[in-house]
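Every read-out reported here was derived from the displayed coordinates using simple, explicitly stated rules and does not represent laboratory data. If you're wondering where the values come from, they're calculated on a predicted model, not measured in any experiment. Cβ coordinates were reconstructed from backbone atoms using ideal geometry, including for glycine residues, and neighbour counts include every protein chain displayed.
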Amino acid sequence: MRKKSVSSDSTTKAEISVDRLTGRVITRRGFIQTASAVTAGTILTQRHLAAEMAHSGTENMVSMNLTINGQKHQLSLDSRTTLLDALREHLDLTGAKKGCDHGQCGACTVLCNDRRVNSCLMLAASAQGDEITTIEGLAKGDELHPVQQAFVDCDGF
Ligand code: FES
């Protein structure tokens, strides 16, 4: 982008940029307006989905059997429930964290059949028949898993 300063009609200086690909002029105000509209749209969409899930009643309920840390659990959850929400909100396993909720930060990582997965991107219903291991299930009794021990030894956060 190329930037230059120009005077607008109201005699104040405004910084504008020209998009080299499209040739369109982008003003700071235009950029902020677009960013605000996108943010508002995202928030409204998330609220709409949350409200829809809250009012869906038993319409989307699915009975599922999950094996978490070697224990079998039978749950009846909305079919759209992520594995992360099932762990945290229905099984009180809060070791996996909800960071970005978009598969980018890794705070929700669990093992699924000994392979790491982002539980925020995985539906709980699709984990049926899999062996899920959370951070709570790594230790063997009082003996910490080497990764847990490394966090303790290095004051890991
Ligand atoms: S919460 Fe960030 S990757 Fe899942």
Order by neighbour count: S63, S79, fewest other Cβ atoms within 10 Å first, most last.
S63, S79
From the square roots a ≥ b ≥ c of the eigenvalues of the alpha-carbon gyration tensor of the range 30-109, which class results: rounded (a/c under 1.5), prolate (a/b over b/c), or oblate?
oblate
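Which trypsin sites (Lys or Arg not before Pro) in the range 22-51 sit in a loop by DSSP (not H, G, I, E or B) and have at most 13 other Cβ atoms within 10 Å of their own Cβ? Intermediate values should be presented prior to the final figure.
Working: sites: R24, R28, R29, R47; in loops: R24.
Sites meeting the loop and neighbour criteria: R24.
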For the chain, the spread of Cα positions along each principal axis, largest first, Å
72, 48, 24
Restricting to Cα pairs under 8 Å and 6 or more apart, the percent relative contact order of the range 41-157 works out to 24 percent
